[in-house]
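Contents: one structure, followed by commentary.
Coordinate-derived values only; no laboratory data. Computed from a predicted model, the values in this text were never measured in an experiment. Neighbour counts are summed over all protein chains in view; Cβ atoms, including those assigned to glycine, are modelled from backbone coordinates with ideal geometry.
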Amino acid sequence: MSIAHILALFFTVALLVTTTYFLLGSAPLLILKHDTPKDSRFVRGFFGVYYIGAITSASAAAVCYALAEKPALAAGAAGLAVAAIVARRKVTAKMDELGSQIQEGGLEVIPEFRRTHVYAILFNLAQLVLIVWSLAVFSPR
């Protein structure tokens, strides 16, 4: 097994751990009322950290899979990195916008903040399912 294969495995495990940790850590945050600026800032910060971890580990996995001559897995990991970049921009921007409205007393946007939170969790779940599925399909027999 080459160093590229070993590093690809390492970064794939890092991506799985990051994605699973986020999924398990973000769902309980739904119990927050989101009615204070601290709640919205904390949830937004949690998502921000996750996206950076996902972008880093997926990008590194993509490079390592490419070096290991596994183009399908490299493309998949690169796709996950791009999806995390897009989600980071959209989700955190939306949470920032809604969080500032909550801070100004606009409590009517709390349901929209919660929906954004739920959609981000569901997107993360879809990523996790896709990662596990691709590893099952493309794993050596």
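Can you say whether PHE47 is in contact with a Ser or Thr (Cβ under 7 Å, 6 or more places away or on another chain) and under 21 Å from ILE85 (Cα atoms), as far as the supplied structure shows?
yes
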Condition set assigned to a helix (DSSP H, G or I) and among the polar types (S, T, N, Q), scope region 1-26, selection farthest from ALA60 (Cα to Cα): answer is SER26
Suppose we filter region 95-141 for residues that are in contact with a Lys or Arg (Cβ under 9 Å, 6 or more places away or on another chain) and of a type outside the set (A, V, I, L, M, F, W, C); how many remain? 5
Does region 43-51 contain any residue that is surrounded by fewer than 16 Cβ atoms within 10 Å (Cβ to Cβ) and within 23 Å of PHE138 (Cβ to Cβ)? no
Kindly indicate whether PHE47 is closer than 25 Å to GLY106 by Cβ, free of Cβ contacts under 8 Å to residues at least 60 places away in the same chain and touching a helix residue (DSSP H, G or I) at 6+ places or on another chain (Cβ under 8 Å). no
Test: SER57 is surrounded by 14 or more Cβ atoms within 10 Å (Cβ to Cβ) and within 29 Å of GLU104 (Cα to Cα): no
Name the one entry in LEU24, LEU9, LEU80 that is in contact with a helix residue (DSSP H, G or I) (Cβ under 7 Å, 6 or more places away or on another chain) and either under 14 Å from THR116 (Cα atoms) or hydrophobic (A, V, I, L, M, F, W, C) (or both). LEU80
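To keep it simple, each residue is scored yes or no on (1) aliphatic (A, V, I, L, M); (2) in contact with a strand residue (DSSP E or B) (Cβ under 7 Å, 6 or more places away or on another chain); (3) over 22 Å from LEU80 (Cβ atoms).
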residue: PHE11; (1), (2), (3): no, no, no
residue: LEU16; (1), (2), (3): yes, no, no
residue: GLY25; (1), (2), (3): no, no, no
residue: LEU32; (1), (2), (3): yes, no, yes
Do you know which residues across region 21-41 are out of contact with any Asp or Glu (no Cβ under 8 Å at 6 or more places or on another chain) and either surrounded by 15 or more Cβ atoms within 10 Å (Cβ to Cβ) or at positive phi (or both)? PHE22, LEU23, SER26, LEU29, HIS34, ASP39, SER40, ARG41
